[in-house]
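For reference, the structure discussed in these notes is given below.
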Amino acid sequence: MTENLAPQHEVQKLRAVLQQHNHRYYVLDEPSIPDAEYDRLFQRLKQLETQNPELITADSPTQRVGGEPLQGFTQISHQMPMLSLDNAFNETDMGEFDRRVRDRLGLSETAEIEYACEPKLDGIAVSLLYRDGVLERGATRGDGTTGEDISLNVRTIPSIPLKLLGDDWPSLLEVRGEIYMTKAGFEQLNQRALEADEKAFVNPRNAAAGSLRQLDPRITAQRPLEMCAYSVGVVDGGELPGNHVDILRRLNHWGLKINPEMAAVSGMPHCLEYYQRLAEKRNSLPYEIDGIVFKVNDLSQQQQLGFVSRAPRWAIAHKFPAQEELTELLDVEFQVGRTGAVTPVARLRPVFVGGVTVSNATLHNMDEVERLDVRVGDWVIVRRAGDVIPQVVRVVMDKRPEGARAVVLPKHCPVCGAQVERDEDEAAARCSGGLSCDAQRKEAIKHYASRKAMDIDGLGDKLVEMLVDNGQIQQIADLYKLEHARVAGLERMGDKSAENLLQAIEASKETVLPRFIYGLGIREVGEATAKSLVRFFGTLEAVREADEELLQQVPDVGPIVARHISVFFQQPHNLESVDALIAAGVRWPEEQPKEAAAQPLLGKTYVLTGTLESLGRSEAKERLEALGAKVSGSVSKKTDCVVAGPGAGSKLAKAQTLEIPVIDEAGLLALLADLEPS
Ligand code: D41
């Protein structure tokens, strides 16, 4: 296209095109050309610049990483101080903030303030100075008055434009924002560090700070940093809109990234709703946030309010509960799970973290204990993010007391006393007691009764433990022999609940084969694998008799799962247990194995989101699965198609970003009509 342009014109054209693509890729997250095409354009520009060095300019996309390592950073003083944020820790603090704002503005009792809401990114605050649309300087916030010149480093961050888009920007524009690392970028960076035998970073914030502090911009360039704008500082030679949200949208229009969650709401109740909504979304966001920033949206109101000491009166950060806290490791105990896995569990001095009081945390396995080098008596950082089980993430070595005791894997199962075995190639240690171990027995029964298996209402964990402890149940099939009088005699039971329980147990006899197979608790055989097995083999006999080779023909079954299934059905006590269940009256309708030809969607992954009005989600799921498709709960690169009904939200948005085909319910019905055997 550019064959016969003069070099200076071709260079200009290439820069404009590359700038656009860069923007689409890093800011909008919507690439429009393949990476290879981008690389070709970039190489062509580089070639032209090498041949015509007089054409090189600082805002050329080729000039992101440049210069020799610095000796040190130069101090700069901010022409306008970068203010700090006051914190609120609860709704009372927020109510008081809103009251102060309204009082100062002399507003009536019923008047509502409009607030701009943004997630508070956990990163490093910076200032970017654009002169005539060209990035001139980048600086850290520092103490708000004095920061450090990190121009060479900020230039390497792809979401920071070297030149603003458009031409309607003020001639001098200071953009303020947060530089951060996404969770995914952080994981990858640490993975790389681990592989290179280097020390891992403790969290994305530290990794971002460390990356910005590099004197050699070539190192910073390799770090997955991003920048999101949150306000402006000095503005000269141009006008900006009269409210915060519109200012940020304008910055976005000039090519800067802003937070897509930003919203304007009226009145404190809506602020609290926004806070709640984002708190629920916190873990699924691609970056870490530690609260929500609320700002009076109207600039003239901001001006009236002014600031005290170093924080504006018109803004506040409503913090989320901390997800990491420091506490003492009181002891390490070993728990035995359904498959015999012996898991070290940390007993902690109770600590409030992630919104709840935590006194136990998993240590996963002995490899993890060794990796953390954790000892009883240590001070540890405990993390609880969302509904995930609390974890010990690190030991504070400086605080290790004298006589801290090493954690040793017991030689014998703490429950049944059988040998504990540890395979060379496996992280988990296992109790060799099998179903003679009370712990494994209890877990096996809990699993059999669980919702996705036989779904026995009223048979909770505590009850199973009591029934095993007082000898009413030895093996799963004994469930079907329970006697009313003995059950009713249990603690907190009584006549009525015993009757209900026995009825629920009786009702569970009528089941379907996939639930039954899942309920057996074969290692690595989840709900989906159980379904695949039934779809492939049709009968329990066929699954029982299949060898490893045949098992591996089943979609989703690899060599390890095949091994576990085969081993399970070779063990006499397992076969006895299955036979006992059948003898007790557990039954299911026979299914016909389906030919691969009847499974046109084999290997395809579908995601259902929003309301499916005529089908309903569970029917849609069943029918898609019957055609061989996998139905997953989340959208990823591996998703082949998203079915979106009314009310679809983030999953639909993600599908669009990833350019995954989306159909509606009508589309799904047409597909089913097409593929289902008539
Ligand atoms: O996301 C953030 N970390 C963030 C920080 C944000 N979204 N908005 C902010 N707004 C301000 C004011 C109100 C002073 C313009 C901030 C910060 N300040 C801030 N970051 C570090 C210190 C202050």
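Which FRET efficiency, nearest 0.05, do Gln51 and Val134 yield, Cβ-Cβ r, R0 22 Å?
Here the calculated transfer efficiency is 0.40.
If I take R0 = 51 Å and measure r between the Cβ atoms of Ser77 and Glu659 in this structure, what FRET efficiency does the formula 1/(1 + (r/R0)^6) give, to the nearest 0.05?
0.65
Using a 1.4 Å probe, what is the accessible area per residue for segment 255-342, in Å²?
Working: 3710 Å² over 88 residues.
Heavy-atom accessible area per residue stands at 42 Å².
What whole-number value in Å² describes the accessible area per residue of segment 623-678 for a 1.4 Å probe?
Accessible area per residue: 54 Å².
Starting from the Cα of Lys442, draw a straight line to each of the lysines and keep only those under 22 Å, dropping any in the same chain fewer than 8 residues away.
Qualifying lysines at Cα under 22 Å: Lys411, Lys452, Lys462, Lys481, Lys509.
Could you give the accessible area per residue of segment 99-235, probe 1.4 Å, as a whole number in Å²?
Computed with neighbouring chains in place, this is 42 Å² per residue.
Measure off 7 Å from each Cα along the Cα-to-Cβ vector at Lys496 and Arg24, then give the distance between these two points in nanometres to one decimal.
That separation, rounded to one decimal, is 6.6 nm.
List, largest first, the extents of the alpha carbons of segment 143-293 along their principal axes, each in whole Å.
Sorted largest first, the three principal extents are 52, 39, 29 Å.
Length gain on complete extension for the stretch Asp39 to Thr145, per 0.36 nm per residue less the alpha carbon to alpha carbon distance?
Gain in length upon complete extension: 34.1 nm.
So which cysteines in the chain don't have a second cysteine's C-beta under 4.7 Å from them?
Singleton cysteines: Cys117, Cys228, Cys271, Cys641.
Starting from 0.36 nm per residue, how many nanometres of slack lie between Lys462 and Thr362 once their C-alpha separation is accounted for?
33.9 nm
With no solvent and one point on each alpha carbon, what is the Debye value of log10 I(q)/I(0) for the chain at q = 0.09, 0.11 Å⁻¹?
Taking Cα atoms of the chain as identical point scatterers yields -1.04, -1.31.
What does the convex hull of the Cα atoms of segment 180-242 come to per residue, in Å³, rounded to a whole number?
Value for segment 180-242: 125 Å³ per residue.
Taking the Cα centroid of segment 278-353 and of segment 408-438, what is the distance between the two, rounded to the nearest whole Å?
Centre-to-centre (Cα) distance: 37 Å.
Suppose the chain between Ala485 and Glu622 were pulled fully straight at 0.36 nm per residue; how much longer would it get relative to their current alpha carbon spacing? Before the final figure, lay out each step's value.
Values: separation 137, 0.36 × 137 = 49.32 nm, distance 4.06 nm.
That works out to 45.3 nm of additional length.
With a 10 Å radius around each residue's Cβ, average the other Cβ atoms per peptide and rank 104-113, 420-429, 461-470, highest first.
By packing density, highest mean first, the sequence is 461-470, 420-429, 104-113.
How many percent of the accessible area of the chain is carbon or sulfur, using a 1.4 Å probe?
Of all accessible area on the chain, carbon and sulfur atoms account for 48 percent.
For Lys257, which lysines qualify as cross-link partners when the Cα separation must be under 19 Å and same-chain residues fewer than eight apart are set aside?
Those lysines meeting the cut-off are Lys120, Lys163, Lys183, Lys295, Lys654.
Starting from the Cα of Arg349, move 7 Å in the Cα-to-Cβ direction to define the label point; list residues of segment 196-225 whose amide nitrogen is under 12 Å from there.
none
To the nearest whole percent, what portion of all C-alpha pairs in segment 1-128 is separated by more than 24 angstrom? Each step should come with its number before you reach the end.
On the way: 4871 of 8128 pairs.
So the pairs more than 24 Å apart make up 60 percent of the total in segment 1-128.
Take each of the peptides 29-37, 474-482, 644-652, average the number of other beta-carbon atoms within 10 Å over its residues, and list them starting from the highest.
Details: 29-37: 11.4, 474-482: 17.9, 644-652: 16.0.
Answer by packing, highest mean first, reads 474-482, 644-652, 29-37.
Taking a virtual spin label 7 Å from the Cα of Val388 along the C-beta vector, which residues in segment 336-360 bring their backbone nitrogen under 16 Å of it?
The answer is 353-356, whose backbone nitrogens lie closer than 16 Å to the label point.
Put a dot 7 Å past each Cα toward the Cβ at Val567 and Leu550; how far apart are the dots in nm?
2.1 nm
Could you compute the FRET efficiency for Lys183 and Asp579, with r as their C-beta to C-beta distance and R0 at 41 Å, rounded to 0.05? List each step's numbers first, then the result.
Values: r = 48 Å, r/R0 = 1.18.
Efficiency, from the Cβ-Cβ distance: 0.25.
Starting from the Kirkwood radius over alpha-carbon pairs of segment 3-60, derive D by Stokes-Einstein at 4 °C in a medium of 1.567 mPa s and give it in µm² s⁻¹.
In µm²/s, the coefficient is 109.
What is the packing order of peptides 399-410, 207-218, 155-166, taking the mean over residues of other C-beta atoms within 10 Å and listing the highest first? Please list the in-between numbers first.
Values: 399-410: 12.5, 207-218: 18.8, 155-166: 20.4.
By packing density, highest mean first, the sequence is 155-166, 207-218, 399-410.
Can you list which of the GluC sites (Glu not before Pro) found in segment 504-596 are DSSP loop residues with at most 10 other C-beta atoms within 10 Å?
Numbers: sites: Glu506, Glu510, Glu524, Glu527, Glu541, Glu545, Glu548, Glu549, Glu576, Glu590, Glu591, Glu595; in loops: Glu524, Glu590, Glu591, Glu595.
Sites meeting the loop and neighbour criteria: Glu590, Glu595.
The values are calculated or read from the model by the stated rules, or taken from the named source; none is laboratory data. This structure is a prediction, so every number in the text was calculated from the model and none was measured. Positions of Cβ are backbone-derived with ideal geometry, glycine not excepted, and every protein chain shown enters the neighbour counts. Side chains are part of the model used for accessible areas, which takes the heavy atoms of the whole protein and leaves out ligands, DNA and RNA. Shrake-Rupley method; radii C 1.70, N 1.55, O 1.52, S 1.80 Å.
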